[in-house]
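Here's the structure we're looking at; comments come further down.
The values are calculated or read from the model by the stated rules, or taken from the named source; none is laboratory data. Given the structure is predicted, the values throughout are model-derived calculations rather than measurements. Neighbour counts run over all protein chains shown; Cβ positions are idealised from the backbone, glycine included.
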There are 2 protein chains.
Amino acid sequence: MVPSLYRRLPAWLRQYRRDIFAGDLLAASMALMLTVPQALAYAALAGLPPYLGLYASLLPLALYAVFGGQPALAVGPVAVLGVVTASALAPLAMPGSMEYIVAAAVLALLSGGLLMLFGLLRLGVLAQLLSHPVASGFISGAGVLIILSQLPPLLGLATSTRSGALQLFDIAAQLGSATPLVAALGGGSLLVLLLSRRGLPRLLHALGLRPPHALLLSRLMPMLLVLLAVALVHVRQWHGLLPVVGALPSGLPSLAWPAVDLPLLRSLLLPALVVALIGFVENISIAQRLRGDQNVDADRELLALGAANLGSAFSGAMPVAASFSRSAVNAESGARTPLANLFTVLALACVLLWFTDIFRTLPLAVLSAIIISAAIGLIDLRTLRHAWRYDRADAMAWLGTFGGVLVFGIEAGIALGIGLSLATLIWQASRPHIAVVGRVPGTEHFRNVLRFEVKTHDNLLFLRIDEVLFFGNVRAVEQRIGQALRSQPTAEHLVLLLSSVSRIDATALEMLHSLNNDLAGRGIKLHLAEVRGMVLDQLKRSDLLEQLSTAPFLSAFEAEVKLGGK
Amino acid sequence: MVPSLYRRLPAWLRQYRRDIFAGDLLAASMALMLTVPQALAYAALAGLPPYLGLYASLLPLALYAVFGGQPALAVGPVAVLGVVTASALAPLAMPGSMEYIVAAAVLALLSGGLLMLFGLLRLGVLAQLLSHPVASGFISGAGVLIILSQLPPLLGLATSTRSGALQLFDIAAQLGSATPLVAALGGGSLLVLLLSRRGLPRLLHALGLRPPHALLLSRLMPMLLVLLAVALVHVRQWHGLLPVVGALPSGLPSLAWPAVDLPLLRSLLLPALVVALIGFVENISIAQRLRGDQNVDADRELLALGAANLGSAFSGAMPVAASFSRSAVNAESGARTPLANLFTVLALACVLLWFTDIFRTLPLAVLSAIIISAAIGLIDLRTLRHAWRYDRADAMAWLGTFGGVLVFGIEAGIALGIGLSLATLIWQASRPHIAVVGRVPGTEHFRNVLRFEVKTHDNLLFLRIDEVLFFGNVRAVEQRIGQALRSQPTAEHLVLLLSSVSRIDATALEMLHSLNNDLAGRGIKLHLAEVRGMVLDQLKRSDLLEQLSTAPFLSAFEAEVKLGGK
């Protein structure tokens, strides 16, 4: 009995050794130090009481550890979902109100449900809807929105009533009325964070630490800052002078099904789709960086992330996703098994049970500084620069998504980005490359007449089609063939070389039929050559091949020989 | 002066000769005989007073003749737009009411505006959004809807209050209460039309006519039927016993800008898009059948069809498009220049000025018979059958669109169809075909190891990628490469053969970068071979080629030789 039970344990647990335990424990401690300030900050960014960020890091992280495929992946509140949540809930309730808090949990519930549904339907391919430039443009736009939304609390300004990029005007107009104490604390914290991001690892390295350790230690800066600020406010008795986190309820979250009503569900469905899509794409892309040579099982990740969101909903918290910085800390400090995440969960539970009082005097301006310093890292101009140099259409998709997020908001921005990607895809495929080819003298190879010195014939026209043939490009293909025939009026045979054509859909088949009839009426014979095995199998299920005067030639050379080029 | 003016005339007018004139005149007379009953019928189908169909055939046809590119193409009311108009206007006003008539003109105005806009933006490629199966499924679904909507007037039943396929239940329940006189006249007319469609040409041929003439003459059947029915009702004094067309205003339409208000525009925008898209796709596909070896200038057709719709709007009529049957009659009877259409317009004007009284006693049941007989021709099961055999995904797109039209209505149906086409496109491209290849012994050719007996090496892995590399399939490609590497753990070099890859987008470039880094960490070198000229030009704008250890090989054979296969 016992051996068989042992054999049922997951492989990592059976092979668990002391050195793995040491890595997991170090990773958990490091992750805890990063999770606490980030969780408080991102809940505040979402317009929620900061302690809900801790709730969203507890059960969700445990559920992901159990169901997910990546030991080092840390799930919980993240900056992008914070701003998505804030923008989705803004029209529905006052930030911080009871309705607002319930709506955040319902958003997590819906997102979790969608993710589970997609996972059960094995729709992991959905992640492919977002191209890399569109995802990068979206995250960058969200980064700018996050910075704009956090400038007022950072500087002690009134919150802007406008949305999107327009907030900048309000902020600029109010700069004079900043609260000096808040601005000093917030601005100072931001400065320390920004300087420490690059400077601290170098400094620690100069002091003799090895680079990985220096990097890891510098990641503790936010926690250090939080503790310093708490102590400072406490000692100086500044509580009354600036907005602070305030009393946090101590104890673990009580689990409950969030109060759902139909109109709320309907108005949150679209935001939940955005949360699910963004969360999933982030999850996959972080998992792929962590995985080594393992494949990432997209459907399993969907289910695990869905479970995590449901867990957050039952904890009364907010949507969650994989955090890049916390996952990186896990990986860097040696997390090798799901126990690393479970240790973090245990430590977080201890914080919630006994240490919440520490954060009572934490100034909100410090949280804003932490958020802004993270958001700056989201703005990914490198992808834009590369895309601009490499493929202008991809750069346009980046800019369109980025601009869409800033001008039209989160949801419209991502919809615009997906639309732009699809439009680009269709537009490019609708302009197929078709080359007139001829034989390279002395060989059996056929090459583009524009790029090579080749042998052609008056009575034979060889066209190589370099694209899938489908409904989106049949007219363009027809036109190019018409042009080529007009510029060689002596042609008696038209040979289409299909070596690069991996698909011919029903619309294109129809086009080939009518092309054959058209040409027959003008005394020109249509032939196919170099047809791929799969395409040939499919064509055999139509009657096109019977209507052609010859069977498809195996090569252009065979066609040239058999048709007797003059 | 005069010679220069002469030279400015269009070529067809300068070369006009008597035999061309004869063809144009015959075509115009034939087209007139077909246009009058169809125009009356399709306006009735749209829920409008029948004479508006004649209005919609006058100025629009003239404008198309002036601006359009196809001499034989006949523009005016068509069955599909009749049902699109009826379904768009049903929620807005009572059929036949003043508001309804105004809304029909506004729909034509909006459609015309959209078509002109698309033409000016040179968006002729838009026609490619509709694949052949989706267009066929849509038209077939519309055909069924048309038949359902015309059964009550054909049989003298009360109009069904349900919409879509549900009407069938009402019709079945009411069959007992059919008006015998109406049903006899309607059913008899339908029978005659259906029999004459196939039988009459054969009969006339047996009587000694040449097949083209027999076909042409049988096209006069609807007009003959109309005149017979008119005479019958007149002689028997049946006016009071069955619904008839009633008094038609005589004279030409007076031109006026339709009364537009913003809420109306907003609620008609989506239907107008459908009208524009369908109208344009029909126009192009009819034009391509008529054109011979000329190319169809899609942008010019957009502008001409837009002008025609604006003309219809200013005449107070309804949306117009190219009619397949009337264009075919034009072509069969020898229309060679735009004068054919202009002669039809002149003759129609005469009818409107002096002969409208003829149609006063025309029973509506006869118009329904004409509509149904045309609608049966719209149901295109042949395309479904071919698609089913040839490409299951295309057949699904047909069925989805057809079912969508019947269940959800016109607009949702076409949206569903377009969505299905795009989804199919992405789904297929997201499952790229990747083959492990080896060299055919004694040659320099590389072929799929699964299909051919080829030579492979333990240290070399050759993968041929048979699809565009883009954001939609990078993960699948990564997974396939991972699998192939796992099944050949001795591989030291991975050579990707890109002869069929016509595009690598920024997302795929990113994937190749990270693949290269991954492999480097595992001691495997990544190489490219057979890269296309255009793709190579693009890759040179990135730094991928610098990071690879070798320049792309010209052929797989070169790679095998230089990398030293073991």
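Which of the residues that make up the stretch A:427-439 are closer than 19 Å to B:Val468 by Cβ and either in contact (Cβ under 8 Å) with a residue 60 or more places away in the chain or of a type outside the set (A, V, I, L, M) (or both)? Residues satisfying the conditions are A:Trp427, A:Gln428, A:Ser430, A:Arg431, A:Pro432, A:His433. Every test in (1) closer than 30 Å to B:Val477 by Cα; (2) in a helix (DSSP H, G or I) is passed by B:Thr443 save one, and that test is (2). Name the single residue, out of those in the stretch A:387-426 being of a type in the set (Phe, Trp, Tyr) and free of Cβ contacts under 8 Å to residues at least 12 places away in the same chain, that is nearest to A:Val84 (Cα to Cα). The selected residue is A:Trp388. Screening the candidates A:Phe138, A:Phe118 for the property of being among the aromatic types (Phe, Trp, Tyr), within 14 Å of chain B (Cβ to nearest Cβ) and crowded, with 20+ Cβ neighbours inside 10 Å yields one hit, A:Phe138.
Mind checking whether some residue in the stretch A:121-143 is out of contact with any helix residue (DSSP H, G or I) (no Cβ under 7 Å at 6 or more places or on another chain) and without any contact (Cβ under 8 Å) to a residue 60 or more places away in the chain? Checked the stretch A:121-143: at least one residue is out of contact with any helix residue (DSSP H, G or I) (no Cβ under 7 Å at 6 or more places or on another chain) and without any contact (Cβ under 8 Å) to a residue 60 or more places away in the chain. Taking B:Leu120, is it over 28 Å from B:Leu305 (Cβ atoms) and modelled with pLDDT of 85 or more? So B:Leu120 fails the test.
Only one of the numbered conditions (1) surrounded by fewer than 15 Cβ atoms within 10 Å (Cβ to Cβ); (2) closer than 26 Å to A:Pro91 by Cβ; (3) modelled with pLDDT under 85 is not met by A:Arg236, and that is (2). For the stretch A:465-566, which helices (runs of 4 or more DSSP H) that fit wholly inside it have 1 or more residues that are in contact with a Phe, Trp or Tyr (Cβ under 6 Å, 6 or more places away or on another chain), farther than 28 Å from B:Leu425 by Cα and away from chain B (no Cβ under 12 Å)? Result: A:556-563.
The rows are residues; the columns are (1) away from every other protein chain (no Cβ under 11 Å); (2) more than 30 Å from A:Gln237 (Cβ to Cβ).
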site	(1), (2)
A:Ala335	yes, yes
A:Ala347	yes, yes
A:Ile358	yes, no
A:Ala369	yes, no
A:Gly377	yes, yes
A:Ala415	yes, yes
A:Gly419	no, yes
A:Gln428	no, yes
A:Ala435	no, yes
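Do you know which of the residues in the stretch B:8-38 that are without any contact (Cβ under 8 Å) to a residue 60 or more places away in the chain and among the aliphatic types (A, V, I, L, M) is nearest to B:Ser315 (Cα to Cα)?
Only one residue tops the list, namely B:Leu9.
Annotation for the stretch A:502-510: at least one member residue is in the same structural domain as A:Gly442 (by TED's automatic domain parsing) and surrounded by fewer than 22 Cβ atoms within 10 Å (Cβ to Cβ). So, in the stretch B:447-464, of the ones that are touching a Gly at 6+ places or on another chain (Cβ under 9 Å), within 12 Å of chain A (Cβ to nearest Cβ) and assigned to a strand (DSSP E or B), which residue ends up surrounded by the fewest Cβ atoms within 10 Å (Cβ to Cβ)? Of everything passing the filter in the stretch B:447-464, B:Asn448 is surrounded by the fewest Cβ atoms within 10 Å (Cβ to Cβ).
Residues in the stretch B:387-413 that are in contact with a helix residue (DSSP H, G or I) (Cβ under 7 Å, 6 or more places away or on another chain), over 20 Å from B:Gln128 (Cα atoms) and within 11 Å of another protein chain (Cβ to nearest Cβ): 2 in all.
Using the structure shown, decide if A:Gly47 is closer than 30 Å to A:Leu224 by Cα, in the same structural domain as A:Gly377 (by TED's automatic domain parsing) and either free of Cβ contacts under 8 Å to residues at least 60 places away in the same chain or not in a loop (DSSP other than H, G, I, E, B) (or both). In short, yes.
Does B:Leu34 satisfy being over 21 Å from B:Ala142 (Cβ atoms), in a helix (DSSP H, G or I) and either at pLDDT 85 or above or in contact with a Leu (Cβ under 9 Å, 6 or more places away or on another chain) (or both)? Judged against the criteria, B:Leu34 is not a match. Among the helices (runs of 4 or more DSSP H) confined to the stretch B:237-351, the ones with at least 2 residues that are under 17 Å from the mean Cα position of the chain (by Cα) are located at B:262-290, B:298-314, B:324-332.
Being within 14 Å of another protein chain (Cβ to nearest Cβ), of a type in the set (Gly, Ala, Ser) and touching a helix residue (DSSP H, G or I) at 6+ places or on another chain (Cβ under 9 Å) is a property that does not hold for B:Ala86.
Checked against the criteria, A:Thr443 does not count as within 11 Å of another protein chain (Cβ to nearest Cβ), free of Cβ contacts under 8 Å to residues at least 60 places away in the same chain and buried (at least 21 other Cβ atoms within 10 Å of the Cβ).
Can you say whether B:Gly472 is modelled with pLDDT under 90 and surrounded by fewer than 16 Cβ atoms within 10 Å (Cβ to Cβ), as far as the supplied structure shows? Against the criterion (modelled with pLDDT under 90 and surrounded by fewer than 16 Cβ atoms within 10 Å (Cβ to Cβ)), B:Gly472 does not qualify.
The set of residues from the stretch B:141-156 being surrounded by fewer than 24 Cβ atoms within 10 Å (Cβ to Cβ) and either within 11 Å of B:Leu406 (Cβ to Cβ) or touching a His at 6+ places or on another chain (Cβ under 7 Å) (or both) comprises B:Gly143, B:Val144, B:Leu148.
Regarding A:Ala173, is this residue within 28 Å of A:Leu232 (Cβ to Cβ), among the small types (Gly, Ala, Ser), in the same structural domain as A:Trp238 (by TED's automatic domain parsing) and at pLDDT below 80? Outline the logic, then answer.
Values: within 28 Å of A:Leu232 (Cβ to Cβ): no; among the small types (Gly, Ala, Ser): yes; in the same structural domain as A:Trp238 (by TED's automatic domain parsing): yes; at pLDDT below 80: yes.
The answer is no for A:Ala173.
Looking only at the stretch B:236-244, decide whether some residue is in contact with a strand residue (DSSP E or B) (Cβ under 6 Å, 6 or more places away or on another chain) and under 22 Å from B:Leu364 (Cβ atoms). Looking for residues that are in contact with a strand residue (DSSP E or B) (Cβ under 6 Å, 6 or more places away or on another chain) and under 22 Å from B:Leu364 (Cβ atoms), one finds at least one in the stretch B:236-244, hence yes. Here is the figure for the stretch A:356-387: residues that are surrounded by fewer than 18 Cβ atoms within 10 Å (Cβ to Cβ) and in contact with a Phe, Trp or Tyr (Cβ under 8 Å, 6 or more places away or on another chain) total 1.
Conditions tested, residue by residue: (1) closer than 30 Å to B:Ile379 by Cα; (2) in the same structural domain as B:Val275 (by TED's automatic domain parsing); (3) among the aliphatic types (A, V, I, L, M); (4) touching a Phe, Trp or Tyr at 6+ places or on another chain (Cβ under 8 Å).
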position	(1), (2), (3), (4)
B:Leu40	yes, yes, yes, yes
B:Pro71	yes, yes, no, yes
B:Ala103	yes, yes, yes, no
B:Leu110	yes, yes, yes, no
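Across the stretch A:510-555, the number of residues qualifying as without any contact (Cβ under 8 Å) to a residue 24 or more places away in the chain and of a type in the set (Ser, Thr, Tyr) comes to 1.
Just a yes or no: is a residue in the stretch A:177-188 more than 14 Å from every other protein chain (Cβ to nearest Cβ), under 27 Å from the mean Cα position of the chain (by Cα) and among the hydrophobic types (A, V, I, L, M, F, W, C)? No.
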